[in-house]
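Scroll down for the structure; my scribbles are underneath it.
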Amino acid sequence: QVQLVESGGGLVQAGDSLRLSCEVSGRTFSSYAMGWFRQAPGKEREFVAAINRSGGSTSFSDAVKGRFTISRGVAKNAVYLQMNSLKPEDTAVYYCAARSRDFGEYNYWGQGTRVTVSS
């Protein structure tokens, strides 16, 4: 049993920063690799960022590379997405996801948190 709950979304202006949080419960946090995805209205869900089980490796989509960072707490069951220099194109519902390995399909998903970036 794994439950993911996102928070931190909101309405911001272009150029602003925002930090999303994903609280994990039900299993040992370090047992899961984590990822962030987003879905804009009328578009397919897309990958944003990922972090492996140890926290020592991260990856980002080209669209957010250099602006977003992903991290996980040391003694906290949470993963974070720090979003800087936000653009209107970043507007979407952001979802936290978990998988039991550092590769393959994500097995667990949160309900999402909405981020709206105005110009």
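Each reported figure results from applying straightforward, stated rules to the coordinates on display, with no laboratory input. Remember, predicted model here, so these are calculated numbers, not experimental data. In this analysis, Cβ positions are derived from the backbone assuming ideal geometry, glycine residues included, and neighbour counts consider all displayed protein chains.
For the stretch 4-74, which GluC sites (Glu not before Pro) are in a loop by DSSP, counting at most 10 other Cβ atoms within 10 Å? All intermediate terms of the calculation are to be shown ahead of the outcome.
Values: sites: E6, E23, E44, E46; in loops: E44.
Answer by residue number: E44.
Rounded to the nearest 5, what % of DSSP beta bridges with both residues in the chain are antiparallel?
Working: 36 of 40 bridges.
Taking every DSSP beta bridge within the chain, about 90 percent pair in antiparallel fashion.
Apply the a/c threshold of 1.5 to the C-alpha gyration tensor of the chain and tell me whether it is rounded, prolate or oblate.
Judged from the Cα gyration tensor, the chain comes out prolate (a/c at least 1.5, a/b above b/c).
If the only charges are +1 at each Lys and Arg Cβ and -1 at each Asp and Glu Cβ, what is the size of the charge dipole of the chain around the Cα centre, to the nearest 20 debye? List each step's numbers first, then the result.
Numbers: 14 positive and 10 negative charges, 51 e Å.
It comes to approximately 240 debye.
Name the residue, out of L20, L11, L86, whose mean-square fluctuation peaks in a Gaussian network model built on the chain with Cα pairs under 10 Å.
L11
So what are the ³J(HN,Hα) numbers for the stretch 3-18, from phi and the Karplus equation (6.51, -1.76, 1.60; θ = phi - 60°), rounded to whole Hz, Gly and Pro as x?
So the J values, rounded to whole Hz, are 10, 10, 10, 8, 7, x, x, x, 9, 9, 9, 3, x, 6, 10, 8.
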